[in-house]
Amino acid sequence: MSNDKKKTGRKTRKNRRNRHLKFIREPILDENGKKIGEREAQVPRDYKTEQTEVHRTDATVINNPPKEHKPCCESQEKIDKKNQSMLRELRNWPVLQEWNNRTGQYEAVIPPGFRRKYRKHMDHFLRFLKNQE
């Protein structure tokens, strides 16, 4: 018995299978550049046609304005409250110490996880800590 079925995913080009390719419709142009028809062509999946490319125009800038950066805390009262709550939480974190070659002693370091968690508040919190000393 012979198997006359065509294998799916057979190679059409060296080391490329059909699943890595897609069909697109290309216009057929005459000598003057006028479209006289269309044909199907097989191209790689990441192939971009001119119609699918998005060009940055003034309209996209107008429709998507850049975000305004708002302060993390609106008033000085809220900053003070946030600093106090962060200080309480920082005391519950494990103490990390690093050796400082300039002073010749160990210094406490804010843990990286705490820095990531309160990244947007670190500016005023570090000033608060320096004033506490």
field: Charge dipole (the stretch 76-132, unit charges on Cβ, about Cα centre) - positive-most of 92, 114, 76
entry: 76
- request: Subtract the Cα-Cα distance of residue 99 and residue 120 from 0.36 nm times their separation in residues, and report this length gain in nm to one decimal.
  value: 4.8 nm
For residue 68, net neighbour charge (Lys/Arg +1, Asp/Glu -1) across residues whose Cβ lies under 15 Å away: +2
field: Rounded to whole Hz, the Karplus (6.51, -1.76, 1.60) HN-Hα couplings of the stretch 71-85, x for glycine and proline
entry: x, 5, 10, 6, 10, 5, 4, 5, 5, 4, 4, 5, 4, 5, 5
statement: For the stretch 110-120, Karplus-derived ³J(HN,Hα) couplings (6.51, -1.76, 1.60; θ = phi - 60°; whole Hz; x for glycine and proline) come out as 6, x, x, x, 5, 4, 5, 5, 10, 4, 6
task: List the residues whose amide H sits under 5 Å from the amide H of residue 72, counting only those 5 or more places along or on another chain, with H placed 1.01 Å from N in the peptide plane.
output: none
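A short reminder: the numbers here are calculations on the coordinates, not readings from a lab. Nothing here was measured: the structure is a model prediction, and the numbers come from that model. All Cβ positions, glycine included, derive from the backbone under ideal geometry; neighbour counts span all protein chains shown.
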